Amino acid sequence: MKGEEQGRGGGGIHFHLRLPQLENVNLWRGLENTFRPIWENGKGKAKRGEEAEAPPKGANSVRIRKVNNRLSVVERAMIGACAGGIAGAFTYVCLHPLDTVKTKLQMRGASQLYAGLGTVEVMGRVLKENGIGGLYSGVSAVLVGSTISSAIYFGTCEFAKAFLISKTTLLQIPSLAIPPVAGALGNVVSSAVMVPKELITQRMQAGAPGRSWQVLLATVEREGIWGLYAGYSATILRNLPTGVLSFSSFEYLKAAVLNKTKKSHLEPLQSVCCGALAGAISAFLTTPLDVVKTRLMTQGIGIKAGLKNEIAASAYKGFSSTLHQIWREEGWLGLTRGIGPRVLHSSCFAALGYFAFETARLTILELYLARKVPPALSLEADNNRD
């Protein structure tokens with residue numbers, strides 16, 4: 001996801017959402033090529049038989065793109081990591097109440113505790129019983145964990161993309177395969193931090209007593225260090241398809257909008273809508289995986305949530321057995337619990353995430369380039385000259 005600020009003098013700020021740092025990706029041309037990205041040679045020349053495009057302005061100008069393309073793999077990774085950390089913390093904290101409601105609906109025994117209640121009703125009950133603090137249970141773990149995990153995720157993605165792009169010919173990797181491969185690597189690496197963060201957060205949301213650090217120590221004392229990675233396989237199995245679905249859906253929607261409007265960029269509202277819809281699609285299709293992951297992470301916490309000992313103490317044993325057990329005991333309804341708040345959360349997360357990441361990334365990039373290159377090549381000076 002990448003936003004490019006264009007044409008300040010032409011009626012407002014517009015964002016063209018694209019993959020981070022993939023500066024050589026061109027628009028998908030025509031319906032027959034709607035879902036295949038066109039990679040340019042980076043020299044700003046039109047391909048044979050194609051009409052040359054007008055030179056872009058602003059952050060996407062030829063001069064800035066040339067400077068940006070000369071950034072090393074490490075520089076790209078560091079800029080992406082810083083922007084990702086800021087965006088991750090902002091987005092996760094904003095949407096934490098919805099995540100709390102989703103966790104409560106997906107807990108074992110939720111069908112008894114919240115029978116007949118929807119997202120709004122559950123949120124109202126939490127507010128009534130625990131106040132606003134109840135909706136932000138575990139937010140400190142989210143703030144720390146999401147900042148680190150998002151920084152690692154985006155940093156890994158940027159590193160992988162820059163490396164793979166430079167080795168496309170040598171490794172014979174199709175251009176279309178680079179973003180999913182980089183995203184998959186980012187998910188695997190960042191999950192090493194994200195899983196313990198999410199486990200602590202969800203146990204607090206489910207009713208575990210104490211602060212984040214107390215839940216952390218209690219988990220390590222009771223289950224060992226590997227107890228922090230309960231649900232790791234389920235998290236990977238959930239995040240990989242979620243990431244691929246979200247990105248692919250966004251790219252398809254973006255291409256369709258651009259093909260219909262005949263424009264070179266998305267309007268801000270269009271980018272938000274495309275991102276929200278892409279997030280909704282991926283969340284809807286992967287909710288069963290998320291339910292399994294949540295059950296693995298929150299088992300044994302149900303006593304504090306008002307469940308009986310025998311229900312809370314019944315342990316799940318791995319991803320596949322948990323999936324079969326939920327299906328056997330609760331059917332399809334059990335595997336889709338929390339789908340409402342999850343779809344809403346994912347939609348808002350994708351919409352906010354695109355905007356937050358790009359705002360932070362462009363700001364950091366502008367400050368970095370202002371120090372790295374002569375002032376005449378800074379983004380602001382480039383805008384004025386163009």
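For the pair Lys128 and Val93, a Förster radius of 30 Å applied to the C-beta separation gives a FRET efficiency near 0.85, rounded to the nearest 0.05. With neighbour counts taken as other beta-carbon atoms within 10 Å, the residues Met194, Met78, Met204 rank, fewest first, as Met78, Met194, Met204. Couplings for region 351-356, taken from phi via the Karplus curve 6.51 cos²θ - 1.76 cosθ + 1.60 with θ = phi - 60°, read 5, 5, x, 4, 5, 5 Hz in order; Gly and Pro are left as x. List the trypsin sites (Lys or Arg not before Pro) in region 126-201 that DSSP assigns to loop (not H, G, I, E or B) and whose Cβ has at most 13 other Cβ atoms within 10 Å. Which are they? Passing sites in region 126-201 are Lys167. The HN-Hα couplings worked out from phi for region 225-241 by the Karplus form 6.51 cos²θ - 1.76 cosθ + 1.60 (θ = phi - 60°) are 4, 6, x, 6, 10, 4, x, 4, 5, 5, 5, 5, 5, 7, 6, 4, x Hz, whole numbers, x standing for Gly and Pro.
Residues Glu75, Glu158 in ascending order of nearby Cβ atoms (within 10 Å, fewest first): Glu75, Glu158. The 3J(HN,Hα) values that the Karplus relation (6.51, -1.76, 1.60; θ = phi - 60°) gives for region 127-134 are, in residue order, 4, 5, 7, 10, x, 4, x, x Hz. Gly and Pro appear as x. Taking every alpha-carbon pair under 8 Å whose residues sit at least 6 apart, region 155-234 reaches a relative contact order of 25 percent. Here the calculated FRET efficiency for Trp213 and Thr261, from their Cβ-Cβ distance with R0 = 41 Å, stands at 0.20, rounded to the nearest 0.05.
Each reported figure results from applying straightforward, stated rules to the coordinates on display, with no laboratory input. This one's a predicted model, so the numbers in the text were calculated from it and none came from an experiment. Cβ atoms come from the backbone with ideal geometry, glycine included; neighbour counts cover every protein chain shown.
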